[in-house]
There are 2 protein chains.
Amino acid sequence: MNSPLFWFVPVASACALGFAAWFYRRMKAAPEGTPRMAEIAGHVRAGAMAYLQQQYKIVGVFFLILTGVFAWLAYGLGLQNTWVPFAFLTGGFFSGLAGFFGMKTATYASARVAHAASQSLDAGLRLAFRSGAVMGLVVVGLALLDISVWFVVLNRFVTDADPAHKLLVITTTMLTFGMGASLQALFARVGGGIFTKAADVGADLVGKVEAGIPEDDPRNPATIADNVGDNVGDVAGMGADLYESYVGSILATAALGAAAFAAAGDPDAAYKSVLAPMLVAAVGTILSIIGIFAVRVKSGASQRDLLNALGRGVNLSSVLIIAASYLILRALDLPNFTGIWGAIVVGLITGIVIGKATEYYTSQEFKPTQGIGEHARTGPATVIISGLGVGMMSTVVPVVAIVIGTTLAYGFAAGSWSFSPETISLGLYGIGIAAVGMLSTLGLTLATDAYGPIADNAGGNAEMAGLGPEVRRRTDALDSLGNTTAATGKGFAIGSAALTALALLASYVEELKIAMLHNEQNSFILRGGEVVDTALATLPQFMEYFQVNLMNPKVLLGVFIGSMMAFLFCGLTINAVGRAAGRMVEEVRRQFADKPGILNGTDTPDYARCVAISTAGAQREMLFPSVIAVTVPILVGVLYGVPGTFGLLGGGLSTGFVLAVFMANSGGAWDNAKKYIEEGHHGGKGSAAHKAAVIGDTVGDPFKDTAGPSLNILIKLMSMVSIVTAGVNVAFTIF
Amino acid sequence: MNSPLFWFVPVASACALGFAAWFYRRMKAAPEGTPRMAEIAGHVRAGAMAYLQQQYKIVGVFFLILTGVFAWLAYGLGLQNTWVPFAFLTGGFFSGLAGFFGMKTATYASARVAHAASQSLDAGLRLAFRSGAVMGLVVVGLALLDISVWFVVLNRFVTDADPAHKLLVITTTMLTFGMGASLQALFARVGGGIFTKAADVGADLVGKVEAGIPEDDPRNPATIADNVGDNVGDVAGMGADLYESYVGSILATAALGAAAFAAAGDPDAAYKSVLAPMLVAAVGTILSIIGIFAVRVKSGASQRDLLNALGRGVNLSSVLIIAASYLILRALDLPNFTGIWGAIVVGLITGIVIGKATEYYTSQEFKPTQGIGEHARTGPATVIISGLGVGMMSTVVPVVAIVIGTTLAYGFAAGSWSFSPETISLGLYGIGIAAVGMLSTLGLTLATDAYGPIADNAGGNAEMAGLGPEVRRRTDALDSLGNTTAATGKGFAIGSAALTALALLASYVEELKIAMLHNEQNSFILRGGEVVDTALATLPQFMEYFQVNLMNPKVLLGVFIGSMMAFLFCGLTINAVGRAAGRMVEEVRRQFADKPGILNGTDTPDYARCVAISTAGAQREMLFPSVIAVTVPILVGVLYGVPGTFGLLGGGLSTGFVLAVFMANSGGAWDNAKKYIEEGHHGGKGSAAHKAAVIGDTVGDPFKDTAGPSLNILIKLMSMVSIVTAGVNVAFTIF
C-alpha cells in the first residue's frame, strides 16, 4: 500500500512549477520596449488585476456561504464526510491561484513579445509560447501538488480497517475538491467571458461600425478593456476550466479504480488503480516540458513553420506518452494493464479527432467556412443562417468520436462489451482513464492555448504603441497562428469536459455508496426481495435499488431539465453580454461626444472607465447563472432524488456538450469567414460581403467566448454539486 | 368486451367529416371575386397541387421500400407482427389524405376570403375560419375513422384466448400505423418547410432587399411560390404533423391502458382503458364542432373582437371537455376514474400554459420581443444575439410545464409518486391520457391554425389583384390575427409532440413484450436469478432485464446520439433552405435581368419556374434528413440494442423538444420584432432599425417554419421507428 512510484507525482509537480518559475523569470528579464509600450501594458495589467480582485471578492463570498453549508451538512446534520468543506476550499484556492499566475504572466508578456517580434518573428514566437507555457505548467503543477498533499494527508488521517474501503473514502473525499475548482472555473469562464465580449462587442459596434476606426485603435476608449478581456476570459478562464477537467478526471478515475478493485476484493490492485491516473498525469507533465522545449523555429521562419513547430511539440509528446504510459502501467503491474493502456490511447486519439474536426469546420482553409464567406455576398442574413447550419452539422463528428471512443475505452478496459457486475466497474474505469489520457499532456496543450491571447495582446500593444508595419505584420502572423490553436484548444476543452463529466457521473455512484454507509444504511433490499450489503453492492444493484432506469418518469423529467439547463445557461450568458455591451456602447459614444478631440487624436480617452464598466457588468451578470448552476442540481436532488439527479446529469451532459460544440464552432467559423474575406475573397476588406461577415463575427463572439466555454463548466459543475450533495439525495427526497 | 359506447367513436368521425364536407361546399359556393383574383388563386392552387403530386411520388417510393422491408421482417424473418405492413400503409395514406384535403380547401378559399373581406371584416373572418375548420375536422375525422375501422377489424381477426392479451396485441398493432402517419408528416413538414422558406427567403432577398419592391408584389416572380409555400408548409405540413400526434397519443394511451390492466388481471378494466382515450377524443371532436360555431363576430368588429371571438370558441370547448370527459370516464366506470380525469385536465392546462408562454415570448405586446426591437437600433448583430437569447430563455416555461404536468398526470392516475410495479403502468397511462386531453379539441385548435395561412394567402391575393387599401387593411387585420394564432399553434404542436413522444416511449416497452412473445421467448432470467414470465413481467422487470439504466454506457451513448440527432437534423434542414433559397435568388435575378419589363409592370414574370425550382429544391433536400431519421434508430437498435434505443429516444426527445421551442420562439420573436418596428417604433418602416429587424426576420424564417417544426416529427418518428422495429432490437444486437 505504499508504492515508491507515488513519489513520482510530487516530483513531477515540482518540475512543472520549477520550470514555470524559470520561464517566468526569463520572460520578466526580457526588455519591455518603448516607454509607450510599457505604459499600455501597464494599463492592461492594472485593468486585469483590478478585475480579478473584484471577481475574487464575489467568489470569496460565494465560497464562504457554500463552505458554511457544507460544514453544516457535515458537522450539523452529520449527512456528509467531514473533510468536504476543507477539500472544497483548497480546490477553489488552487484553481484561482492557477488563473492568477497565468494572467500575471500573460499581462507581463504582451509588451515584451511585441518588442521581441520587432527583432524577429522567431524571437516573438519563442517568448510568447514560453509565456504560455508558464500557464500550462502552473496548472498541472498545482493540480499534482494538491493531489499529492491530500493523498498523503488523508492516507494518514482516514482510519479504516479495510484497506480497499479506506482508498474509496480517500478518493471520493478528494473528488470533492473538484467542486471548489469547478465553482472557481465557473466564475472565471462566465465572468471573464462576459467581460471580454462586452468590451469586444461594445468596442466593435461603436469603433469599427460607427466611427470607422480600426480594431485596437488607441482612440477607442474600449480598446484597453478589450485587451484586458482577452486575458481574463481566455487565460484565467481557460486555465481554471482545464485545471478542473484535469483534477476531476484524475480523481474520478482514482475513485472508479478503488471501487472496481475493492469490489473484486483486491486491495493491492485497488491501490495501483488509484495510482495509475496520477502517474500517467505525472509522466505526461514531464513529457509536456520536453515538448515545450521542442517548439523552436529558425530565424526567418514563415507562419507555416510556426504551425509546424507547435505541431511537432504536440505530436512528439503524444507519441512519447503512448510509450511511457505503457511502461508505467507495466511497472505498476495492474491487472489487464494492456487493456487499460488501450483506453488511454483511445482517449488521446479521441482528443485529436475532435481537434481536427474543429479545425475542419472553423478554419478558412476548408469548405464549411469558405461557404459562409460565399454566403456573405447575399448579405448578413445568409451569413448567419449558413453559420448556424455549419455549427449544427459540426456536432456530428465530435459526438461520434466520443461515442466510439467511450465504447472502445470501456471494451478495452473491461475486456467485454457487456454490462455485468464483473465488467462494468472496470469499463467505467477505462472511460475515466481515457479522459486522463486525453488530458495527460495538458501542460503542453494549455501552453499553445495560452499562447493565443498573449500573441493577440502583443499585436494590440504594437498597434496602440504605433510600431511599424513590419512589426504589425509579424504580430499578425503570431496572432493568426493563435486563432488556429485557440479553435482546436476549444474543441479539446469541450471534449475533455465531456469525458470528465462521464467519469464524474460514474463516480457519483461511489459517493452514494459512501453516503449510505455514512448514514449507517449498511444494507438495502431489492425489488425481488434480495438483501444486499451496501459495502459490497455492485453498480447494477445500486441502479436497481434507486430505479435509475429511463422509464422512471423522474429520470426522464431530470433529462428534460438537464437539456433545458444548457439552453437556459446559454440564454442567460448571451443576454448578459448583450446588456453589458449595450452599456459599453453608451459609454464610448458618451466619451466621443464629450471629448471630440479623442477621434482626431488630440485628447486621450478614459480607458479605466471602460474597464470599470466591463468589470461591473461581468460582476452583476455572472451571479445569477452561477447560482442557478449550483442550486438546480440540489433542488432536483431534493425533489426527484437519485433518479432525477441521474437524469439531470445525463441530459445536461449530452445537450450541453452538443450545444457547446455548436456554439464554439459557429463562432469560430464566422470569425474565420470574416478573415477569409479580409484575405481578399468576395471583394475583400470594406466590401458589402465583408460588412456582412463582420456581423456574423459579432454574433459569434458571445457564442464562442462566453456561452460555449461556460457550458464546459456547467456540465462538470452540475456533476460535482451532485457528488458533493450525494448525502442529501440519499437522505431526503420529496417525490 | 363490447361496450356500445365504442360506437360513439365512428359517429363522431362521421360528424366531423360531414361538417367538413358541409363547410367545404359552403366555401366553394362563395364568389371568387374578380377574374384576376380567380386567376391568381388558380396559379397558387396549381402550384400547390403540382408540388404535392411530386411529394407524394417520392413519399410513395419511400413507402413501397419500407413496406417491403416490414413485409420481409414479418413474413420472411418472422420477427414481426404480420399486420404491421398494412397498418403502416393506411397510416401514411390517411395522413396524406388529411393534408391533401386541407390544402385543397385552403387554396380554394384564399380568393374567396379576399372577396368576402372586400364586403366586411366579419364576413372575411367567418369564411377564413370555416375553411380552416375543414382542415381541423378532416384531420380528426379521418383519424377516428382509421382507429374505428382497425379496431373492429383486429377485434375480429386477432385470435387470442386471453382477452387482456388480445387487447394488447390489437393496440400495439394499431400503434404501428402511427409510423406511416409519422413518415408522411416528416415529408410534409420537411419538404413543405424547405419549399416555403426557399421561396420566402429567396423572394425577400431579391425583392425586398435588392429591388426594393414590397412583399407579395406581383412583379416578384417568386411571390406565387411564396404563397404556395404557405399552403404546403403550414397547412399540409401542420395537418399531417398533428394528425400524427393525435393518432399517436390515442393509440399509445390505449396500448398503455391495455398493458396496465392486463398486468392487474382485469380484462374488463383493460377494455375500458382502451376505449377511454378514443371516447375522450370523440367527445372532444363533437365539442370542437360546437366551438367552431361559437366563433362569430358582429359586423364592424375590430381586431380585438376577432381575437376574442377565437378565444371564446377555444375556451368554451376547453371548459366543456373538462366536464364531458368526467362524465365519459364516469360512464365507463374505469377504476380510479377521478385520477385519470385529473390527468386529462392537467394535459389541457399544460397545453394552455405552453401556448401562453409562447405568446409572451413571441408577441410584440410583451417585453422580450420589444427588447429585440430596441436592440435593432444598434444593428443586425445585436438583433440576432438578443433574439437567440430570448429563444433560449423561452425554453424554461415549456420544460417546467411539461415536467410539472407529467409529474401531476402520473401522480393523479397512479395515486402515488412511487415507481413500483403496481403504480408505474397506471402512471404512464396517466401521462398518455394527458396528451390525449391536450389534443382532445384538436378539431378546433387546428381550425385556428389553418386559418393563419388562409388569411395570409387572402392578403397576398388582394395585394396581387390590386384590391383597394380598405380591403388590404382588412386582410392585414385577418393576417395579423393569424400570426398570433400561428405562434400559439406552434407551441401547442411542440408541446403535444413531446407528451405524445413520452407516451410512445412508454409503449415501446409493450412492443418489446409482444416481440419477445412473438419470438417465443416466454420467460427471462433477472440478474438475481429470478425467472420471470414474459407475459406477466412488470415494467421494472423489463428495465432490469434490458439494463436500461443511466450508468449503462449504451444508454448514455444513446442519449448523446439522440441529442446530436436533433442538431444534425436542424443543420441539414437549415442548410437545405440556404441552398434552395440561393437557387431561387439566382432565378429571380435572371428573370429581372432577362425581362427588364417585369419591374416596371410591362412584362409578366414566370411564376411557374419559381414554383418548379422550389419544388425541385424541396424534393432533393428532404430526402437525406428523412433517410437519417428512419435509419439512425434502426442502426442504434442493432448496434446498442434496447438500452441504446432507450437512450436515443430519451436524448432525442429532450434535446429535440428544447431545441424546437428555442427555434420556434426565436423565429417568432424576430418576426414580430420587425412588425413592432413597422408599427412605428424606433423609426418605423424603412429606418436602419427596420433593416436590422428584417435581417432577424429572415434568419428566423427557417428557424420557425422549417427546422423547428420538423423536430416535432423527428422526436415522434424516431420513437415510431423503434416501436415498429422492436422485434429487430430484441432479436439482434451487436455490442
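The values are calculated or read from the model by the stated rules, or taken from the named source; none is laboratory data. It should be emphasised that the depicted structure is a prediction, and the values quoted were computed from it without experimental measurement. Here the Cβ positions follow ideal geometry from the backbone for every residue, glycine too, while neighbour counts run over all protein chains shown. For the accessible areas, the whole protein counts, side chains as well, though only heavy atoms, and no ligand, DNA or RNA atoms are used. Shrake-Rupley method; radii C 1.70, N 1.55, O 1.52, S 1.80 Å.
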Where Rh is the Kirkwood radius over Cα pairs, Rg/Rh for region A:1-99
1.16
Relative contact order in percent for region A:1-100 (Cα pairs under 8 Å, 6+ apart) equals 14
What is the distance, in nm, between label points placed 7 Å from the Cα along the Cα-to-Cβ direction at A:Asn155 and at B:Glu679?
7.1
Taking the Kirkwood radius as the inverse of the mean 1/r across Cα pairs, report the Rg/Rh of region A:165-219.
1.47
Relative contact order, percent, of chain B when contacts are C-alpha pairs under 8 Å separated by at least 6 residues?
21
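Protein chains only, probe 1.4 Å: how do B:Arg589, B:Arg312 rank by accessible area, largest first? Intermediate results must be reported in sequence, preceding the final value.
On the way: B:Arg589 95, B:Arg312 120 Å².
Per-residue accessible area, sorted high to low, gives B:Arg312, B:Arg589.
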Descending Cα extents along the principal axes, region A:350-394, whole Å:
37, 19, 9
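Using the Kirkwood radius over C-alpha pairs as Rh, can you work out the diffusion coefficient of region B:141-267 via Stokes-Einstein at 20 °C, viscosity 1.002 mPa s, in µm² per second?
Values: Rh = 17.3 Å.
The Stokes-Einstein estimate is 124 µm²/s.
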Quick one: label points 7 angstrom along Cα→Cβ at B:Pro335, distances to the other copies in nm, smallest first?
4.8
With all protein chains present, how much of the accessible area of the protein assembly as shown (probe radius 1.4 Å) comes from carbon and sulfur, to the nearest whole percent?
62
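Given the pairs A:Lys57/A:Lys595; B:Lys104/B:Lys490; A:Lys57/A:Lys356; A:Lys367/B:Lys595; A:Lys104/A:Lys197, which span a C-alpha to C-alpha distance of over 31 angstrom in this model?
Working: A:Lys57/A:Lys595 34 Å; B:Lys104/B:Lys490 22 Å; A:Lys57/A:Lys356 39 Å; A:Lys367/B:Lys595 35 Å; A:Lys104/A:Lys197 20 Å.
Beyond 31 Å between Cα atoms: A:Lys57/A:Lys595; A:Lys57/A:Lys356; A:Lys367/B:Lys595.
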Take region B:494-588, drop everything but the C-alpha atoms, weight them equally and run the Debye formula without solvent; then report log10 I(q)/I(0) at 0.25 Å⁻¹ to two decimals.
-1.25
Using the C-alpha gyration tensor of region B:294-374, what are the square roots of 5 times its eigenvalues, in whole angstrom, with the largest one first?
34, 20, 4
Treating the point 7 Å from Cα along Cα-beta-carbon as the label, what are the nm separations from B:Ile734 to the other copies, to one decimal?
4.6
With all protein chains present and a 1.4 Å probe, how do B:Leu639, A:Leu79 order by accessible area, largest first?
B:Leu639, A:Leu79
Whole number in Å², please: accessible area per residue of region B:118-247, 1.4 Å probe, ligands, DNA and RNA not counted.
20
For region B:641-666, residues shielded by at least 50 square angstrom of accessible area compared with the chain on its own, probe 1.4 Å
B:Ser654, B:Val658
What fraction of the Cα pairs in region B:116-178, stated in percent, has a spacing above 12 angstrom?
74
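How many Å² of accessible surface get buried when B and A come together, counting both sides, probe radius 1.4 Å, rounded to the nearest 100? Before the final figure, lay out the partial values.
Numbers: alone 24930 and 24890 Å², together 42780 Å².
By this definition, chains B and A bury close to 7000 Å².
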With the 1.4 Å probe rolled over protein heavy atoms, region A:308-391 has an accessible area per residue in Å² of 39
Average beta carbon contacts from partner chains per residue of B:412-422, 10 Å cutoff:
2
Highest mean first, how do B:431-443, B:343-355, A:173-185 rank when packing is the count of other Cβ atoms within 10 Å averaged over residues?
B:431-443, A:173-185, B:343-355
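Other chains near A:575-583: what is the mean number of their Cβ atoms within 10 Å of each residue's Cβ? Working shown, then result.
On the way: counts 9, 1, 3, 10, 3, 0, 5, 6, 0.
That average works out to 4.
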Going Cα to Cα from B:Lys166, which lysines come in below 23 Å? Please leave out same-chain ones fewer than 8 positions away.
B:Lys272, B:Lys513
Across the alpha-carbon set of region A:611-735, Rg over Rh with Rh taken as the Kirkwood radius works out to 1.19
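Using only C-alpha atoms and all pairs of different ones, pull out the Kirkwood radius for the protein assembly as shown in Å with one decimal.
32.6
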Taking Cα pairs under 8 Å and at least six residues apart, what relative contact order does region A:333-435 come out at, in percent?
39
If packing is taken as the average number of other Cβ atoms within 10 Å across a peptide's residues, how do B:374-381, A:189-196 rank, most packed first?
A:189-196, B:374-381
Place +1 on the Cβ of every Lys and Arg and -1 on the Cβ of every Asp and Glu in the protein assembly as shown, take the dipole about the Cα centre, and give the residue among B:Phe101, A:Ala331, A:Ile250 whose Cα lies farthest towards its positive end.
B:Phe101
Can you list the copy-to-copy distances for B:Ala29, using a point 7 angstrom from Cα toward Cβ, in nanometres, shortest first?
10.1
Whole-number value, in Å³ per residue, for the convex hull of the alpha carbons of region B:385-509 is 142
Mean shadow area of region A:426-495, taken as a quarter of the surface of its Cα convex hull (nm²):
4.9
Given 10 Å bins starting at zero, what is the percent of C-alpha pairs of region A:322-420 in each, up to the one with the largest pair distance?
15, 30, 22, 16, 11, 5, 0
Give the span of region A:437-541's Cα atoms along each principal axis, as three whole-Å numbers ordered largest to smallest.
81, 21, 20
If each part is reduced to its alpha-carbon centroid, region B:182-222 and region B:288-344 end up apart, in Å, by 36
Given 5 Å bins starting at zero, what is the percent of C-alpha pairs of region B:500-542 in each, up to the one with the largest pair distance?
6, 22, 29, 20, 14, 7, 2, 0
For region A:211-343 the translational diffusion coefficient, Stokes-Einstein from a Kirkwood Rh over Cα pairs at 10 °C and viscosity 1.306 mPa s, in µm²/s, is roughly 86
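For B:Trp7, B:Trp341, write out the residues from largest to smallest accessible area, computed with a 1.4 angstrom probe and no ligands counted.
Details: B:Trp7 140, B:Trp341 70 Å².
Heavy-atom accessible area, descending, gives B:Trp7, B:Trp341.
Using the per-residue mean of other Cβ atoms lying within 10 Å as a proxy for protection, in what order, highest first, do the peptides A:159-167, B:578-586 fall? Please report the intermediate quantities before stating the final value.
Working: A:159-167: 15.6, B:578-586: 22.4.
Result, highest mean first: B:578-586, A:159-167.
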Restricting to DSSP loop positions (anything but H, G, I, E, B) with no more than 14 other Cβ atoms inside 10 Å of their own Cβ, which GluC sites (Glu not before Pro) remain in region B:457-524?
B:Glu520
nm² value of the averaged projected area, convex hull over the Cα atoms of chain B:
28.5
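Report, as a whole number in µm² per second, the diffusion coefficient that Stokes-Einstein gives for region B:210-272 at 4 °C and 1.567 mPa s using the Kirkwood radius over alpha carbon pairs.
On the way: Rh = 15.6 Å.
Answer, rounded: 83 µm²/s.
When a/c reaches 1.5 or more, the comparison of a/b and b/c decides; with that in mind, is region A:569-673 rounded, prolate or oblate per its Cα gyration tensor?
Oblate, since a/c reaches 1.5 and b/c is not below a/b.
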Report B:Ile58's accessible area, 1.4 Å probe, all protein chains in place, as a number in Å² to the nearest 10.
40
Between B:Arg25 and A:Thr90, what is the label-to-label distance in nm when each label sits 7 Å out along the Cα-to-Cβ direction?
8.7
